[in-house]
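The values are calculated or read from the model by the stated rules, or taken from the named source; none is laboratory data. All values derive from a computational prediction rather than experimental measurement. Every residue, glycine among them, receives a Cβ derived from its backbone with ideal geometry; neighbour counts consider all protein chains shown. Side chains are part of the model used for accessible areas, which takes the heavy atoms of the whole protein and leaves out ligands, DNA and RNA. Shrake-Rupley method; radii C 1.70, N 1.55, O 1.52, S 1.80 Å.
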Amino acid sequence: AVLVEAALVLAVVLLVHAAVWDRFSWCALALAAQAFSAQFKWDRLLRLGGAVFQFRGAANSGLLPASMVIPLLGVLMKERCRAAGSVYFERLGVVVASTGMLLALFLSVLAVGITKPVPTNTCILTGIAGSVIIYTMKHSLTVSEVIEVLEVLLIFVYLSMILLYLLPRCFTPGEALLVLGGVSFVLNQLIKRSLNVIEGRGDPIDFFLLVAVVGVVLLGLFFTVLFIFMDSGTWISSMFFHMMTAVLGLGVIMPWLYRLIQRNPLFWLLQFLFQTRTRLYLLVYWTFLAASACGVVFYQNAKRSSESKKHQASTITRKYFHFIVVATYVPGLIYDRQLLYVAAVLCLAVFIFLEYIRYFRIKPFGQTLRHLLSLFLDERDSGPLILTHIYLLLGMSLPVWLFPRPCAPKGTLSGAGALVPYSGVLAVGVGDTIASVFGSTMGEIKWPGTKKTFEGTMTAIFAQIIAVALILIFDSSVNLNSSYAWILTSVSLVSLLEAYTTQIDNLLLPLYLQIMLMT
């Protein structure tokens, strides 16, 4: 299974760089070979319990698929923005690609360094890959961009040491690379733009995302340190939690956002949400879907009898939420993508804040949330945090957030790129859901080395093709320009990756589908 997963990732890398071959292509190939070798060292460390931190069990390290995501996104962003004539975002793409390669190389070096005896072949590969990457960075980056890359690496190192220690068994090394690498880059971008407000002036919704992500992360770190010295389950601690949340939100986060967008954030948000009648209709519709999702949670918990306290929700029951999310995102993508962008940021902040309340047992809802959500846990929620619903939201939202709007004429890309914002809907909302439902109910032929079935994968591919046809019918902005063969190839590769990966598919699959569609 690991070898097939590696072959699929390598196929994506080769297909991307066959279309956009440049000096970074050699770096990507060297990094892929090195990450493939280092992944086995990480897997050995995880099996023997020799890793420095406690990582999520029942999964391999996932180093290779995670290592290629950020560099490939950066390379494709660079090429798209170069074609559109956007120099600033072209250089940002170069920084993203270089940062992703350096972060992946650091994680590989960490595995090699703590493996005993030191693996000679992997050390040689790591040295070659590191030399190629550093040589390319030297000839591609300015001094200020090199400093920016090193800043992100420094933030990543500190965040990794803190969060992997505080949150054992929540991530695999690959998932930690994606999540913490993304947070590190966002934090560095926010600091950079805050120090230079004139240069940082741009679309307020971009700053809204940066501030929201950094704000909830800093909030969590603050309360984690605080509750080391306090019992978080008491009423006094709970009152202090709510009070300090208000203080940090109104006294730090809001002024920070005001400095960036040069207007009152609350007034801007209210004006933005209720600007048109379409937005009002979408908000009412989304409120109804949110109430429906809560209704599913309460109904499933009501069905849990006192004799079956260990009963867990079935796979099909958990996929109800995938259908609800698809019904949420598709109208937003068709009618108002900017509103969907902001609504997804707000929803992410709410989800993380509710997880803080559950994790710290904050009164009056902490214990209730623990009881309600325990029904929907699966083997991937082995750590102290419940992250599957947050990963689902991220998987649907990242293609919307990462869509290169300044480099897309009239807000959309041509050909298969027009489907980039739909990557989450196709890969997770349709493909993963259909594969899971049909595979668990009717699947008989299993893929070698996995629990996934041939029937589930084939049904998922077919369902995604039907979804693409429906998108063409209902979204007039999508023009595929006869790129149907590439779309079929992209969907097939990502569906096969879903069958063989042991990483969080809600997070990984949309990113790989976005990479393929942007090529």
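State yes or no: is residue 56 within 26 Å of residue 450 (Cα to Cα) and either in contact (Cβ under 8 Å) with a residue 12 or more places away in the chain or out of contact with any strand residue (DSSP E or B) (no Cβ under 8 Å at 6 or more places or on another chain) (or both)?
Numbers: within 26 Å of residue 450 (Cα to Cα): yes; either in contact (Cβ under 8 Å) with a residue 12 or more places away in the chain or out of contact with any strand residue (DSSP E or B) (no Cβ under 8 Å at 6 or more places or on another chain) (or both): yes.
Criteria met by residue 56.
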Among residues of segment 66-117, those that are at pLDDT below 85 and under 15 Å from residue 34 (Cβ atoms), counted
8
I'd like the residue in segment 76-100 that is more than 21 Å from the chain's Cα centre (by Cα) and of a type in the set (Gly, Ala, Ser) and, out of all such residues, is surrounded by the fewest Cβ atoms within 10 Å (Cβ to Cβ).
85
Could you count how many residues in segment 138-153 are closer than 14 Å to residue 191 by Cβ and not in a helix (DSSP H, G or I)?
0
Hey, can you tell me all the residues within segment 345-400 that are basic (Lys, Arg) and out of contact with any Lys or Arg (no Cβ under 9 Å at 6 or more places or on another chain)?
363
Top-ranked residue of segment 1-24 - restricted to ones that are touching a residue at least 12 places away in the same chain (Cβ under 8 Å) and of a type in the set (Gly, Ala, Ser), ranked as surrounded by the most Cβ atoms within 10 Å (Cβ to Cβ):
6
Residue that is farthest from residue 323 (Cα to Cα) [pool: residues in segment 379-396 that are open to solvent by 30 Å² or more (accessible area, probe 1.4 Å) and either modelled with pLDDT under 85 or touching a His at 6+ places or on another chain (Cβ under 9 Å) (or both)]:
384
Among residues belonging to segment 236-253 that are out of contact with any Pro (no Cβ under 9 Å at 6 or more places or on another chain) and over 30 Å from residue 340 (Cβ atoms), point out the one that is surrounded by the most Cβ atoms within 10 Å (Cβ to Cβ).
241
Just wondering, is there one or more residues in segment 496-512 that are within 17 Å of residue 13 (Cα to Cα), within 19 Å of the chain's Cα centre (by Cα), of a type in the set (Val, Ile, Thr) and outside any strand (DSSP E or B)?
yes
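Please report, ordered by residue number, the helices (runs of 4 or more DSSP H) entirely within segment 312-428 with at least 2 residues that are under 30 Å from residue 226 (Cβ atoms) and small (Gly, Ala, Ser).
Working: elements: 315-335, 337-360, 366-373, 388-401.
The helices (runs of 4 or more DSSP H) meeting that bar are 337-360.
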Evaluate the following for residue 337: is it at pLDDT below 85 and open to solvent by 30 Å² or more (accessible area, probe 1.4 Å)?
no
Residue 190: passes all of (1) open to solvent by 20 Å² or more (accessible area, probe 1.4 Å); (2) closer than 30 Å to residue 263 by Cα; (3) aliphatic (A, V, I, L, M) but (1)
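Among residues belonging to segment 254-297 that are assigned to a helix (DSSP H, G or I) and of a type in the set (D, E, K, R), point out the one that is most open to solvent (accessible area, probe 1.4 Å). Explain how you work it out, then say what you get.
Filtering segment 254-297 down to residues assigned to a helix (DSSP H, G or I) leaves 254-261, 265-273, 277-297.
Keeping just the survivors that are of a type in the set (D, E, K, R) gives 259, 277, 279.
Details: 259: 115, 277: 169, 279: 14 Å².
This residue is 277.
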List the residue pairs whose Cβ atoms are under 9 Å apart, where the first residue sits in segment 152-168 and is farther than 12 Å from residue 55 by Cα, the second is in a helix (DSSP H, G or I) and of a type in the set (Phe, Trp, Tyr), and the two are 6 or more positions apart or on different chains.
152/185; 153/106; 155/185; 156/106; 156/185; 157/106
